[in-house]
Amino acid sequence: MNEPITALKQPKTHSRLLGLSKETLLAWYDEMLLSRRFEEKCAQLYQMGQIGGFCHLYNGQEAVATGSIHAGNPDDYVITAYRDHGPAISKGVDPKAIMAELLQKYTGTTKGKGGSMHLFDKQKNFLGGHAIVGAHIPLAAGVAFAIKYRNERKVCFCYMGDGATNIGSFHEALNMASLWKLPVIYVIENNRYGMGTSVERASAVEDLWKKALAYDMRHDVLEGHDVLEVYRAAKAAVEHARKTYEPSLLEIRTYRYRGHSQSDPVHGHYRTKEEVEEERKRDPLTMFSDTLKAEKIINDEYLEIAEKRIKRIVEECVQFAESSPLPPAEELYKDVYFESEE
Amino acid sequence: MSTVSMREALRQAIDEEMARDERVFLMGEEVAQYQGAYKVSQGLLQKYGEKRILDTPIAEAGFAGIGVGAAMVGLRPIVEFMTWNFSLVAYDQIVNNAAKMLSMSGGNFHVPIVFRGPGGAAHNLGATHSQALESIYAHIPGLKVVMPSNCEDAKGLLKTSIRDENPVIFIESEVMYGEKGEIPDGEYTIPLGVGKIRREGKDVTIVSWSKTLAHVTTKAVDQLALEGIDVELIDPRTIKPMDMDLIVESVKKTNRMVIVEEGWPFAGVGAQISHDVMKRAFDYLDAPIERVTQEDVPLPYAHNLELASLPSVEKVVRAVKNVLYVS
Amino acid sequence: MAVAVKMPKLSDTMTEGVILKWLRNEGDKIKQGDIIVEIESDKADMELEAFDTGVLRKIVVPAGGKAPIGSLIAVIGEAGEDISSILQAAPAPAKAEPQRSSSPEPAPRAVSVAAPAPVFPQPVEQPIDGRLKASPLAKRLATEHRLNLQSIPGSGPLGRVIKRDIEAALSGKTSSRSPIAVKPGTTEEVILSPIRKTIAARMAESKQTAPHFYVTIEIDMEPAMAFRTQLNNVFEAKISFTDIIAKGCASALMLHPQVNGTFLGDKVRRHHYVHIGVAVALEDGLVTPIVRNCEQKGIGIINQELRDLVDRARTRKLKPDEYQGATFTISNLGMFGVDEFAAIVNPPESAILAVGAIVEKPVVKNGQIAVGHTMRVTLSSDHRIIDGVIAAKFLQDLKKMIENPASLVSIT
């Protein structure tokens, strides 16, 4: 397995929609649209000062989360870095709770104590939300270790940015995951920039999938604008891991429409306006809705209704969050040490 | 009671806990086939197999993180650092992931992990292999720090640490691994956060722990006894949470305290004890609290400089006499 | 519905922004998502999208203008709509939103600290500054045993009073450092306690600035002795001669306010009340607790107060107004058998009465030698404000009052 399984050519998956049901496809479209509008609302709220600290938005990368997470099951684990709103939504974390967490409220996913970069949900097997670049990558291998230790057939999805592929923890974890055969699906969301530094200025190897070769790990590379293509590649990796416990490294080439974070300009600093506009022509939302229209599953009227529906959901999230209380002062001392019941 | 070496006592603890709970496993460099760099895990690979006794590559950040990830979903890893000096490579995983996961996740995920290994100076090992780092772990909320000074405590405390639901920093001493001590027969554990009065006395309280207690402080105490100075010697056993009540009660009795530790002075554990005792027993103090610590320098290689830098019997005796206003 | 366009928070540390360029003009139609303005934050130049669709009705902050985050920079609404309420309501370039109270400074500057000395620095020993040094334990023990910490010499570093000094004081009851006899031919140095230092300074000052003169008078104490016996037959509290003398002084001072004055440099304050300080010996000095308004108080009250004051003086529990503010002082060395002595005036008072012992001696009564009991008192006076005749007249009245103790009982 020394060559990437998929070359960077136009996938021919549309015609068969991969055997997915209409309900599934519509649910995916809703999910991606929700992710987009949710993030747009976050941008607004951040600028109004209601969301504090750092806020990293997923706009443009929706297909990666939706396509890959749904290649797994609800009892598979997901762990990611700090651009985690999109993956959390895809994993089924309640968007109201996410919004409340961003607004520092007690009803948030982590009681207001985590913030944008630390969304967690044990019930949904969403393991965060991590802020130190690359530090979660060994955690994913540890989760996969436990899966194998217990003879389960689950997988752990681990998302990271292109920048994280240069840090020590990435290499240590990939080495051990491959060495010990741990069922992790490593997904590099290569949006071409580690904050403001382009991949070619940060990594000696621009084709990031090649780093898997150093660890003799199964790998793939694909464009991340097509949710169905993402699903296909992820599904193959998941099935391989379930059968053999062997991990995979997927490089998914995607793009973020907003800056690295809300403090970072959309363009002008390190990427041109033209580049952003060019990328926006390949908006995964539009690509997917065009596909669904071409397959006669939806029409423009449906899109308008969906738009309204999602807008209302986002408003509900904001209202819920705004009307929720802040965490009480006593909460400061809770959850520092785990008190066992015995 | 039976007589064992410190490494045997620790091994028994790991063995018993692994037999008792199949979620417990051990990983670290050379713990399996090599039988342990200091032979603490000798024989365990044969007994439990490769699945539960794992040799890791030299990748502290990586395997510490793997331990944390596995603990987040319910396993109970014991991660061995060959020495605590190397833990610094994994400090981010310990501090930012293990210690904070429960709080950051709003109670969603806790991390029942034990990081263990030898710490502190040995002989001629040089600056990077001789560090007593308990204070930089005790400083972090969310961690517990345990440092036994004898075989009985080592076994009992390690068993409790493995059963604890929180990340525990368990610091042993390579210089003590071969020393023999008595341990009770049968199943026993020792609770964390409970110190012990090693010797009752009325003239001065000395607080000390780990190897420094065993090798330096007890000798100083004996010497002082010959001079008619009656020391009350306290071994906190757990550095965090520390049994401050025990120490305060003692100082209220003796009116003076000396802390003897191997760490550096600035923001060391002794600084914390000094403050707490000052605050709680202010009106009982007849002299300022004194500390005997390592000198505020990286530890040199030459043995004579090493000795000059580390706590010594002579330094302890002098400190005790200072607080007694005896020349 | 018109909406306010506010200065956005474009970075975590941003507190205000600068409008670089408006990309649309007033009156232009705006769609949600259109970039309408470029803003400079503390980190980068950012573009702002319109969140609403409408017409750009008003640009409130023009290009080049600065505004804090959250303040109004423009209004989007329908053409012709009344937007005055938005324009008025908005808190123009005033304070930033209270929710996001960032510090007014931009990114914190790194503070450069000089590298510390390589050796762990030892504290420098401070020279003695007259401050009482005692370990917390010593202080507590002194209070518990009612010892005067001021008078216990400290054997700790810098003269610190420590536990063994308290123990020594309790067992030996001496103020010397060693409870055993001094070795002859040797010298020892005793560091001045704070109280000693104060006395030294004040007495020197008094003697050097106030020209003292001394007037002595001898008082027949037999009437006072009988008076005292009578009082003590009736009342439980044991009246002492000091109480009688104090009362006598108080009454005499009311008649001679010049002797009851406070010297203030260019003027004298003559008090028409008498606060009498009574000198009390301590182990290492003396203190004068004060009975205030003696002229109004009966001997019994004076007795009561003095007991309590002397007691507390010895355990160093006096409050400042109980040892400061006397108008006159009495010092009594009679219990040592001293016949008479001359005391030093306590500034800023103007006189002090030194009382000697009551002595049994031959006196002349009705032309015959008889056994009598007399007491000699000496008034030291500050000649800047008291002249010899004044002093003499005061003493004359004092003598009369004490020799006629009924006069000391309150008539009114």
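Give the residue that is farthest from residue B:254 (Cα to Cα), with candidates limited to residues of region B:277-293 that are surrounded by 15 or more Cβ atoms within 10 Å (Cβ to Cβ) and more than 10 Å from chain C (Cβ to nearest Cβ). Checking each candidate, the answer is B:292.
When B:94, B:78 are checked against the criterion of being more than 8 Å from every other protein chain (Cβ to nearest Cβ), in contact (Cβ under 8 Å) with a residue 40 or more places away in the chain and not in a helix (DSSP H, G or I), a single residue qualifies: B:78. Restricting attention to region A:25-52, the residues that are part of a helix (DSSP H, G or I), within 14 Å of chain C (Cβ to nearest Cβ) and in contact with a Lys or Arg (Cβ under 8 Å, 6 or more places away or on another chain) total 5.
The set of residues from region B:103-150 being open to solvent by 10 Å² or more (accessible area, probe 1.4 Å), farther than 16 Å from residue B:173 by Cβ and aliphatic (A, V, I, L, M) comprises B:104, B:127, B:136, B:138, B:140. Go through region B:22-70 and give me each residue that's within 12 Å of chain A (Cβ to nearest Cβ) and part of a strand (DSSP E or B). B:24, B:25, B:27, B:54, B:55, listed by residue number. Residues of region C:130-140 that are more than 13 Å from chain B (Cβ to nearest Cβ) and either modelled with pLDDT of 90 or more or open to solvent by less than 100 Å² (accessible area, probe 1.4 Å) (or both): C:130, C:132.
Scanning region C:29-52 for residues that are in a loop (DSSP other than H, G, I, E, B) and over 21 Å from residue A:277 (Cβ atoms) returns C:41, C:42, C:43, C:52. Does residue A:118 satisfy being facing chain B (nearest Cβ under 9 Å), open to solvent by 20 Å² or more (accessible area, probe 1.4 Å) and under 18 Å from residue B:93 (Cβ atoms)? Here the answer is yes, as residue A:118 does meet what is asked.
Taking region C:363-410 as the range and being assigned to a strand (DSSP E or B), touching a residue at least 24 places away in the same chain (Cβ under 8 Å) and either surrounded by fewer than 19 Cβ atoms within 10 Å (Cβ to Cβ) or not charged (D, E, K, R) (or both) as the test, the residues that pass are C:363, C:372, C:373, C:374, C:375, C:377, C:378, C:379, C:380, C:381. Of all residues in region A:240-280, those that are away from chain C (no Cβ under 13 Å) and either in a helix (DSSP H, G or I) or under 21 Å from the mean Cα position of the chain (by Cα) (or both) total 19. Looking at the structure I just gave you, is residue A:115 under 18 Å from the mean Cα position of the chain (by Cα), at positive phi and modelled with pLDDT under 95? Yes: the conditions hold for residue A:115.
Across region A:287-333, the qualifying residues are those that are of a type in the set (Lys, Arg) and touching a residue at least 12 places away in the same chain (Cβ under 8 Å), and the one among them that is farthest from the other protein chains (Cβ to nearest Cβ) is A:309.
For the residues B:1, B:82, the requirement of being under 23 Å from the mean Cα position of the chain (by Cα) and either among the acidic types (Asp, Glu) or open to solvent by 30 Å² or more (accessible area, probe 1.4 Å) (or both) singles out B:82. Any residue at all in region B:273-281 that is in contact with a helix residue (DSSP H, G or I) (Cβ under 8 Å, 6 or more places away or on another chain), among the small types (Gly, Ala, Ser) and more than 24 Å from residue C:164 (Cα to Cα)? No, region B:273-281 contains no residue that is in contact with a helix residue (DSSP H, G or I) (Cβ under 8 Å, 6 or more places away or on another chain), among the small types (Gly, Ala, Ser) and more than 24 Å from residue C:164 (Cα to Cα). The requirement of being within 20 Å of residue B:70 (Cβ to Cβ) and either modelled with pLDDT under 95 or under 19 Å from the mean Cα position of the chain (by Cα) (or both) is not satisfied by residue B:24. Inside region C:36-55, residues that are open to solvent by 50 Å² or more (accessible area, probe 1.4 Å) and either of a type outside the set (Asp, Glu) or away from chain A (no Cβ under 12 Å) (or both) make up a count of 3.
Every residue, every condition in (1) at pLDDT 95 or above; (2) among the aliphatic types (A, V, I, L, M), yes or no:
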position	(1), (2)
A:67	yes, no
A:77	yes, no
A:80	yes, no
A:105	no, no
A:110	no, no
A:124	yes, no
A:137	yes, yes
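The single condition from (1) within 12 Å of another protein chain (Cβ to nearest Cβ); (2) open to solvent by less than 10 Å² (accessible area, probe 1.4 Å); (3) more than 18 Å from residue B:230 (Cα to Cα) that residue B:323 fails is (3).
The values are calculated or read from the model by the stated rules, or taken from the named source; none is laboratory data. These numbers were taken from a predicted model, which means no experiment stands behind them. Cβ sites come from the backbone with ideal geometry, for glycine too, and all protein chains shown count toward neighbours. Heavy atoms of the whole protein, side chains included, go into the accessibility calculation; ligands, DNA and RNA do not. Shrake-Rupley method; radii C 1.70, N 1.55, O 1.52, S 1.80 Å.
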